[in-house]
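Report on the structure given below.
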Amino acid sequence: MRVIITKDYDEMSKEAARIIAKQIKEKPDSVIGFATGGTPLGTYKELIRMHKEGGLDFSKITTFNLDEYYGLGPDHPQSYHYYMFENLFNHVNVDPKKIHIPDGLAKDVEAFCKKYEEEIKKAGGIDLQILGIGRDGHIAFNEPGSSLASRTRLVALAEETIKDNARFFEKEEDVPRYALSMGVGTILEAKKILLLASGESKADAVAALIEGPVTSQVTASALQLHPDVTVIIDEAAASKLKRKSYYKFVDKMYRMLEEKKSL
Ligand code: F6R
């Protein structure tokens, strides 16, 4: 696991956008897994800037989103569908036919989830999956106790997640209690994974993800089993890591090697 510690949210966002842009430039028809929530907003802003000012081309990518609230349609302002168009897709040249977001209004949920998994496979699998992390250590909506082999399915949100996400709704009661979410097993099949976290409220979850045991009680810890994970966190989110200075040292070495390679 590569750990990149940035001074603040802004630097985290720019570093993440740089990695996503590199992926798209190296493989223009990349399959990118997108996350929603507050954390990637700065990254998406930077990607939009790169598209507008530097011509970063999204036209050949295929996208798969991690999750969607169950019961919310694409026009609902708090749906993840709406979020993605508002914060990224409407501002870049992504092909709408290649966008996949779980359908919060799916009538046959089981059939829909099965089809979603099949579509990921048909697209050749996810090349780069972007993730945030919940305070309870969840990735996508895989709450504590989710199987580390889980697949896309209907999940019940944890109390902590409902409280955290209430900030996007008028009142807590409006937060849906269920969501359609990729499973931990689905996420682990992505070729590369990029997890972002910012702020002190994420410090415990980040420490558990990087330095804790692999456990279904912190589903993000399953990323320790994946061979190509980059975690970008700001100083506040990194504040509870025991081996912070070692990660910084390793990151410096990586950068020196990368610089040498590009000479
Ligand atoms: C969003 C998602 C969630 C969030 C997590 C952190 O698609 O899957 O796992 O990444 O809840 O949310 P924020 O970034 O709002 O703190």
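The values are calculated or read from the model by the stated rules, or taken from the named source; none is laboratory data. Values in this document were obtained by computation on a predicted structure and should not be read as measured data. Because the Cβ atoms are built from the backbone with ideal geometry, glycine has one as well, and the counts that use them run over all protein chains shown. Quick note on the areas: whole protein, heavy atoms, side chains included, nothing else; ligands and nucleic acids left out. Shrake-Rupley method; radii C 1.70, N 1.55, O 1.52, S 1.80 Å.
Computed from the Cα positions only, the extents of region 124-256 along the three principal axes stand at 49, 35, 23 Å, in decreasing order. Between ALA208, ALA149, ALA35, the residue with the greatest mean-square fluctuation in the GNM of the chain (Cα pairs under 10 Å linked by springs) is ALA149.
For region 149-182 and region 70-144, write down the distance between their C-alpha centroids in whole Å. Using only Cα atoms to place each centre, the spacing works out to 14 Å. Amide H to amide H distances under 5 Å link GLY212 with no residue, where only residues 5 or more positions off or on other chains count and H is placed in the peptide plane. In plain terms, the bigger the Kirkwood radius, the slower the diffusion; for region 70-126, with that radius from Cα pairs, at 10 °C and 1.306 mPa s, Stokes-Einstein puts D at 128 µm²/s. In terms of overall dimensions, the chain has a Cα radius of gyration and Dmax of 17.5, 56 angstrom.
Couplings for region 201-210, taken from phi via the Karplus curve 6.51 cos²θ - 1.76 cosθ + 1.60 with θ = phi - 60°, read 5, 9, 4, 5, 5, 5, 5, 5, 5, 8 Hz in order; Gly and Pro are left as x. Rounded, prolate or oblate: which one fits region 10-116, using the alpha carbon gyration tensor with axes a ≥ b ≥ c (rounded when a/c is under 1.5, else prolate when a/b beats b/c, else oblate)? Prolate shape, in that a/c is at least 1.5 and a/b is the bigger ratio.
Once the gyration tensor of the Cα atoms in region 118-199 is diagonalised, the equivalent ellipsoid follows with semi-axes of 24, 14, 12 Å, ordered largest first. A Cβ-based charge dipole, computed about the Cα centre of region 2-262 with Lys and Arg at +1 and Asp and Glu at -1, lands at about 1040 debye. Bridge orientation summary for the chain: considering DSSP beta bridges with both residues in this region, about 30 percent are antiparallel.
Among PRO74, PRO227, PRO40, which one moves the most in a GNM of the chain with springs linking Cα atoms closer than 10 Å? In this elastic network of the chain, the residue with the biggest mean-square fluctuation among PRO74, PRO227, PRO40 is PRO227. Name the residues whose placed amide hydrogens come within less than 5 Å of the amide hydrogen of SER146, ignoring near sequence neighbours (fewer than 5 apart) on the same chain. Close amide H contacts, sequence-distant or interchain: none at all. The portion of the accessible surface of region 2-262 made up by carbon and sulfur, rounded to a whole percent, is 53 (1.4 Å probe; DNA, RNA and ligands excluded). Of the residues ILE232, ILE130, ILE99, the one that moves most in a GNM of the chain with alpha-carbon contacts below 10 Å is ILE99.
For region 211-263, the Kirkwood hydrodynamic radius from C-alpha pairs, put into Stokes-Einstein at 37 °C and a viscosity of 0.692 mPa s, yields a diffusion coefficient of 250 µm² per second. In the context of the full set of protein chains, the chain has a per residue accessible area of 48 Å² (1.4 Å probe).
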